[in-house]
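Below: the structure, in structure tokens.
Please treat every number below as a calculation from the coordinates, not as lab data. Everything numeric in this text was worked out from a predicted model, so none of it was measured. Neighbour counts are summed over all protein chains in view; Cβ atoms, including those assigned to glycine, are modelled from backbone coordinates with ideal geometry.
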Amino acid sequence: MSKFSERYDYATLSLVLIRESMTDEIINAICTTYDLLAQKMVKNTYPYRSDFYEELEKHLWCYFCNNRLGDFYHDRGFHIVATKYIKSDNPWYKKIDLIEETLSYLFNEIKKGDSSYYDWYQFFVNYLNNEFKRLNFAYRIVGNRIEEITSEQEIQSIEEALLNPLEGIRIHLQAALKHVSAAQEKPDYRASIKESISAVGVCCRIITGEKTLGKALNKLEKNGIIIPSLKTAFDKLYVYTNDETTGIRHELLDPKYTPTADEAIFMLISCSAFINYLTKKKT
């Protein structure tokens, strides 16, 4: 039996929604965040004091790696813990633990009253979250913790929809997946959203025989296949894709609007789940 990736000419869903692992690109992005943090913590204090980042590394050495303080220094200076650990063969979740320990350290220093740490903390959180979003890593920093934003159940929902017997649905979802992939040189989130809602349109129109998604949703509600609140929810998603300011299904009138990776992934997950729901209801 051929593999999923072979049947659909796509590597794996894990290349698009990266969960419970770290790609080389994500590892490099995390290391770059620490590199930039080190530059900021030295640059903003020189020549008065330049050991702020050193103190962070010392904390990680002693309280994350549980090493002896006396071994922290060596002939060439001090041990760089963060980037070495991130690039190591340690499990991906232990690397997440290191980031959380960093967040905790920076936040505790803020509570001591040093306002410089607030700026460094904000930079670390914002830069890392932007990189996680850009690279489709299924996690974000919320407060001092890293939370999962794309669950295994959501990924399974997309995979199930990609196996739908209707070819039109599969083609649109495959296109949505490729457009949102971080492996693409230039992911096209607007196109991905359009393909996701088009897959829903194909599903609804085939079930109802109607020519538009709006009419199809009305008929699904009338026939008791979907409840009113669910119909309203997808009505609003359809309006969102038809809005002239988004440029998703029509010409873009507001050039300032740019869909994000989070929007595209949300639409892919929501549309996949809705397609699976309708497919089961009609059988």
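Within straight-line reach of residue 178, meaning a Cα separation under 22 Å, sit the following lysines at least 8 residues removed in sequence or on another chain: 3, 133, 186, 194. Each distinct pair of alpha carbons in the range 24-148 adds a 1/r term; the inverse of their mean, the Kirkwood radius, is 15.0 Å.
Based on the mean of other Cβ atoms within 10 Å per residue, sort peptides 19-28, 198-207 so the most packed one is first. Working shown, then result.
On the way: 19-28: 15.8, 198-207: 22.2.
Highest to lowest by the protection proxy: 198-207, 19-28.
All C-alpha pair distances within the chain, sorted into 10 Å bins from zero, spread as 6, 24, 26, 19, 14, 8, 3, 0 percent across the bins. Among 238, 73, 189, which one shows the highest mean-square fluctuation when the chain is modelled as a Gaussian network with alpha-carbon springs under 10 Å? Sorting by GNM fluctuation, first place goes to 73. Largest first and in whole Å, the equivalent-ellipsoid semi-axes of the range 152-282 read 23, 18, 12, each the square root of five times a Cα gyration tensor eigenvalue. Sequence-ordered 3J(HN,Hα) estimates for the range 87-96 from the Karplus curve with 6.51, -1.76 and 1.60 and θ = phi - 60° stand at 7, 6, 8, 4, x, 4, 6, 6, 5, 4 Hz, glycine and proline given as x. Candidate cross-link partners of residue 222 among the lysines, defined by an alpha-carbon separation under 24 Å and a same-chain spacing of 8 or more, comprise 211, 231, 236, 280, 281, 282.
In the chain, the longest principal axis of the Cα atoms and the axis of helix 213-222 are about 70 degrees apart.
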